[in-house]
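Heads up, the thing below is written out as structure tokens.
Bear in mind that the values in this text are calculations on the coordinates, not laboratory data. Values in this document were obtained by computation on a predicted structure and should not be read as measured data. Don't worry about glycine lacking a Cβ; one is built from the backbone with ideal geometry, like all the others, and counts go over all protein chains shown.
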Number of protein chains: 2
Amino acid sequence: MMYESTVVQFTALLNNLNAMLDKAVAYAEEKDFDVDVLLHARLAPDQFDLMRQVQIACDVAKIGVGRITGTVDSTPVHEDNQTSVAELQQRIDEVIKHINSFSTDDLIDISNAKVALERWEGKYLTGQEFLIQCTIPNLYFHITTAFAILRHNGVALGKDDFLGEMPYKT
Amino acid sequence: MMYESTVVQFTALLNNLNAMLDKAVAYAEEKDFDVDVLLHARLAPDQFDLMRQVQIACDVAKIGVGRITGTVDSTPVHEDNQTSVAELQQRIDEVIKHINSFSTDDLIDISNAKVALERWEGKYLTGQEFLIQCTIPNLYFHITTAFAILRHNGVALGKDDFLGEMPYKT
């Protein structure tokens, strides 16, 4: 379940986010405005804009997998210097590629791994706690907020854009 | 991991949602407006309002646990007839109470359970797929959207309100 909850589902979510950005570009073209307006849109003046929501979502996925597998020190670094949707989508793609370099075996024994962030001053969470109570909530938070910013600005997104395809069986 | 991903985390999320509604009430009192305005606020004209976002979050948690444990037919029914924050919070509390009637043992063997919704016309998902790709994303989607609606309307919510307390160890 650990691999499906992380690599598989994070990949799906990031791909869905990528597709939402495609719809944002199409909407800007249709309405004839600069899509950068959407990249810098936000729902409150003291909230991060769409660009930053996507950047954080990328980091949460990448660093989350890095921490629970004990590989965070070799996680690729991305500066927050993207200036276009295309650059943002490239960052998403790089994160998808990176997290897919992990196998099911890499994620089997994380339940009792200790995750200790510097700002936690010596305290820690188990890998499972960090995943369920920190990484997954944060990832959904930032992707849903990105969705909400686009939705608020008129991009025709629906729940299917967020959820993606279901792996139905017959 | 299944129990922690469902009963434990859903309870935390619903309690956090409840506390966000408390902050909405306090904000309305402070600004001297009727909190019902917030209950009917939305981020787009064709999006569900805050009231409905919370009602759906309740149903996703309750029915999600019901389906993966094969007990959906005995899941308590809630009509969408709440008219106040207090009534909405009562519904949240009833869902929390219901999902906490399940034990870890009830959730051990769900991976291969079949979940088949009527509208899927004979297709199905495994319990694990339904949880990871449908229930969890939907729950986060509606709670984050509720957060975003309140945030957009000036309620001073931060990430900690969404995430709640972390179970740090020393």
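To test your reading of the geometry: what angle, between 0 and 90 degrees and rounded to tens, separates the Cα axis of helix B:50-68 from the longest principal axis of chain B? Approximately 10 degrees, to the nearest ten.
I'd like the mean, over residues of B:134-144, of how many other protein chain beta carbons sit within 10 Å of each residue's own Cβ. Could the numbers behind the result be given before it?
Numbers: counts 2, 0, 6, 12, 4, 1, 9, 8, 2, 4, 9.
So the per-residue partner count for this stretch is 5.
Tell me, which longest segment in chain A has none of the chymotrypsin sites (Phe, Trp or Tyr not before Pro) that fall in DSSP loops with at most 16 further Cβ atoms within 10 Å?
Numbers: sites that count: A:Phe33, A:Tyr168.
It runs A:34-167.
Computed over the Cα atoms of region B:39-170, the ratio of the radius of gyration to the Kirkwood radius (Rg/Rh) comes to 1.00. With respect to chain A, whose longest principal axis is taken over its alpha-carbon atoms, helix A:9-31 is tilted by about 10°.
Which whole number gives the average, over all residues in A:1-13, of C-beta atoms from other chains lying within 10 Å of the residue C-beta? Please report the intermediate quantities before stating the final value.
Working: counts 8, 1, 0, 7, 7, 1, 0, 3, 5, 0, 0, 3, 2.
Across A:1-13, the average partner-chain Cβ count within 10 Å equals 3.
Of the residues A:Leu117, A:Leu14, A:Leu125, the one that moves most in a GNM of chain A with alpha-carbon contacts below 10 Å is A:Leu117. Going by neighbour counts of Cβ atoms within 10 Å, the residues B:Arg67, B:Arg119 line up, fewest first, as B:Arg119, B:Arg67. Legend: ranking of residues A:Thr145, A:Thr126 from fewest to most surrounding C-beta atoms inside 10 Å; resulting order A:Thr126, A:Thr145. Computed 3J(HN,Hα) for region B:94-110, one whole-Hz value per residue from the Karplus formula 6.51 cos²θ - 1.76 cosθ + 1.60 where θ = phi - 60°, is 5, 5, 4, 4, 5, 5, 7, 7, 8, 9, 3, 4, 5, 10, 6, 9, 8, glycine and proline marked x.
Using Cα pairs closer than 8 Å and at least 6 residues apart in sequence, work out the relative contact order for region A:68-170, in percent.
Details: 48 pairs, mean separation 21.4, N = 103.
In percent, rounded to a whole number, it is 21.
Annotation for A:Ile63, label-to-label distances across the other copies: 3.6 nm (shortest first, one decimal, point 7 Å from Cα along Cα→Cβ). Each of B:Val25 and A:Ala44 was given a label point 7 Å from its Cα along the Cα-to-Cβ line. The distance between the two points is 1.9 nm. The tail of the calculated P(r) for the protein assembly as shown, taken as Cα-Cα distances beyond 35 Å, holds 20 percent of the pairs. Each other copy holds its own label point for B:Ser84; taking that point as 7 Å from Cα along Cα to Cβ, the gaps run 5.6 nm, nearest first. Per-residue 3J(HN,Hα) values for region B:162-169, derived from phi via the Karplus relation 6.51 cos²θ - 1.76 cosθ + 1.60 with θ = phi - 60°, read 7, 7, x, 6, 8, x, 4, 10 Hz in sequence order (x marks Gly and Pro). For B:Val25, the label point sits 7 Å beyond Cα toward Cβ; its separations from the matching points on the remaining copies run 4.7 nm, from shortest to longest. Rounded, prolate or oblate for region A:54-132? Axes are the square roots of the Cα gyration tensor eigenvalues, ordered a ≥ b ≥ c, and the cut-off for rounded is a/c under 1.5. Oblate shape, in that a/c is at least 1.5 and b/c is the bigger or equal ratio. Our helix-only sum for the protein assembly as shown, with -39,500 (n - 2.57) per DSSP H run of n ≥ 4 divided by its residues, gives a mean residue ellipticity at 222 nm of -16000 deg cm²/dmol. First check a/c for region A:108-150, with a ≥ b ≥ c the square roots of the eigenvalues of its C-alpha gyration tensor; if it is under 1.5, answer rounded, and if not, answer prolate when a/b is larger than b/c or oblate otherwise. It is oblate, given that a/c is not under 1.5 and a/b is not larger than b/c.
Averaged over the residues of peptide A:156-165, the number of Cβ atoms from other protein chains lying within 10 Å of each residue's Cβ is 2.
Site-free segments of chain A were taken between GluC sites (Glu not before Pro) in DSSP loops having at most 10 other Cβ atoms within 10 Å, sites themselves excluded; the longest one is A:1-78.
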